[in-house]
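Below is one structure; the comments refer to it alone.
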């Protein structure tokens, strides 16, 4: 009996021990599983966090301020986000699983911020390349010209500047109010938000100085700056133009009303501070548009215009006149353009988009006769005066649309040996190019400030029988993405069409 009781106790203890062991093993297994699950979850969270940091790192602003770079980087970040969440595939895609686990929990490295030479360069949109070494700017522009124009002709090396700063001889400032004080500057790119500017790295320094003086005089003369929203106020803009060779300076005060209180005293005070000013003009602009200059002008001091010299000729420049803003590079540009025309003294030259007649007047010394065509009547008046001032007698100017003028020439049986064309950044038109062919021009010298539209127009010229021979880029706008380019084309007829 006793033996049966002992055996039962031993069996019960053995069962309890086994149950306890199973329970202990099961608990340990569950605890181990929970721990492993927790660790995996932690690692997954850390990998996800690391991935998010990588993605946010793509949004770091590029030192040169190019928006397209950040957008492209954001696109790569979106693809990276899609790759995460695919377990081992994401690690294989990036090949950095070990590094990601080692760096988990630590802040992702950030690209160092580069302090810009200008505090507003990334907002005004004027100097896209300001913080890029100048040699690198030229290298990039050369590469862009090769990509755009290399399929049409040989692209020569770009002509850069020895001193690529403070080259703009035309400076425009918007005026406004902030915290009860008159301020001036430029509009933020794509907006009408006023960015305050004391000085600009590419603008003429004397012009910036005069604008600062005007800004400081407004309070004492009780002149209110214009408010676009309320329509209240007088002074809207100030425009400064300076002759690079002559040193003459024009100040244009753009007002919303013709009434200018104490204007004579204001002019005298301004000239006392800046006796180098040669003329001051009041321009009336009471329109609710983004145009800077209005139609009516009143000369407050001087002749109402300045003069400058270019390629040995003297030119009269009014407030509305088109005149290249970089006189140093413009001289090189025009000399090359006229050389490419191959003038012998026997040619009839047509200067389309002639403006104040700069190219035509310079070319007239090597041509039989020159015809200048310009739609802007103010510019044509300046062109006529410029020809007289330089004693040029073999040039005539017409206020007309260049396309219509050439078609009328063709109908009358008249021809042109050489056509100079310097259109706006939007480029030319198919109608204009067909008109060039209609006057049977043997050579076309195309001066372009818009490489994209230039490439487009060259394709149309090729279909009209003109073949591009060579391209000469000039850096007229350092610190920006813009390039001025000369293209020489000759008429080859069907040969050019077939090559297209």
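Take the Cα of residue 217, step 7 Å along the line toward its Cβ, and report every residue of the range 290-311 whose backbone nitrogen sits under 14 Å from that point.
300-302
Got a sec? How would 308, 414 order by Cβ neighbour count within 10 Å, fewest to most?
So the ranking, lowest neighbour count to highest, is 414, 308.
Mind giving me the FRET efficiency for residue 414 and residue 115? R0 is 56 Å, r the Cβ-Cβ distance, nearest 0.05 is fine.
With R0 = 56 Å, the Cβ-Cβ based efficiency is 0.40.
How big is the gap, in Å, between the Cα center of the range 342-382 and the Cα center of the range 140-183?
26
Please check which bits of the range 316-356 a label hung off residue 394 would reach, taking the label as a point 7 Å along Cα-to-C-beta and the cut-off as backbone N under 17 Å.
Only 338-351 pass the distance filter.
Could you order peptides 282-289, 477-484 by the average number of other Cβ atoms within 10 Å of their residues, highest first?
Ranking, from highest mean packing down: 477-484, 282-289.
Mind checking the full-extension length gain between residue 434 and residue 224? Use 0.36 nm per residue of separation minus the Cα-Cα distance, one decimal, nm.
Stretched out fully, the residue 434 to residue 224 stretch lengthens by 70.4 nm.
Let a ≥ b ≥ c be the square roots of the eigenvalues of the Cα gyration tensor of the range 186-295; is it rounded (a/c under 1.5), or, if not, prolate (a/b larger than b/c) or oblate?
Here the range 186-295 falls in the oblate category.
Rounded to the nearest 0.05, what FRET efficiency do residue 286 and residue 196 have when you use their Cβ-Cβ distance and R0 = 25 Å?
Plugging the Cβ-Cβ distance into 1/(1 + (r/R0)^6) gives 0.50.
Residue 298 versus residue 469, label points 7 Å from Cα toward the beta carbon: distance in nm?
Between residue 298 and residue 469, the simple spin-label model gives 5.4 nm.
Rounded, prolate or oblate: which fits the range 392-500 when a ≥ b ≥ c are the square roots of the eigenvalues of the alpha-carbon gyration tensor, with rounded for a/c under 1.5 and prolate only if a/b beats b/c?
Taking the square roots of the gyration eigenvalues as a ≥ b ≥ c, the range 392-500 is oblate.
With each pseudo-label sitting 7 Å past Cα toward Cβ, what's the residue 136-residue 442 distance in nm, one decimal?
Each label point is offset 7 Å from its Cα along the Cβ direction, giving 4.8 nm.
Kindly state, to the nearest 0.05, the FRET efficiency for residue 375 paired with residue 181, given R0 = 41 Å and r defined as their beta-carbon distance.
Using R0 = 41 Å, I get an efficiency of 0.50.
Arranged from highest to lowest average of other beta-carbon atoms within 10 Å per residue, in what order do the peptides 188-194, 269-275 appear?
So the peptides 188-194, 269-275, ranked by packing, come out 269-275, 188-194.
Cα gyration tensor of the range 232-310, axes a ≥ b ≥ c as square roots of the eigenvalues: rounded (a/c below 1.5), prolate (a/b > b/c) or oblate?
oblate
Sort 118-127, 294-303 by packing, meaning the average of other beta carbons within 10 Å per residue, with the highest value first.
With the highest mean Cβ count within 10 Å placed first, the list reads 118-127, 294-303.
Any read-out appearing in this document is the output of simple, stated calculations on the displayed coordinates, not a laboratory observation. Computed from a predicted structure; not experimentally measured. Every residue, glycine among them, receives a Cβ derived from its backbone with ideal geometry; neighbour counts consider all protein chains shown.
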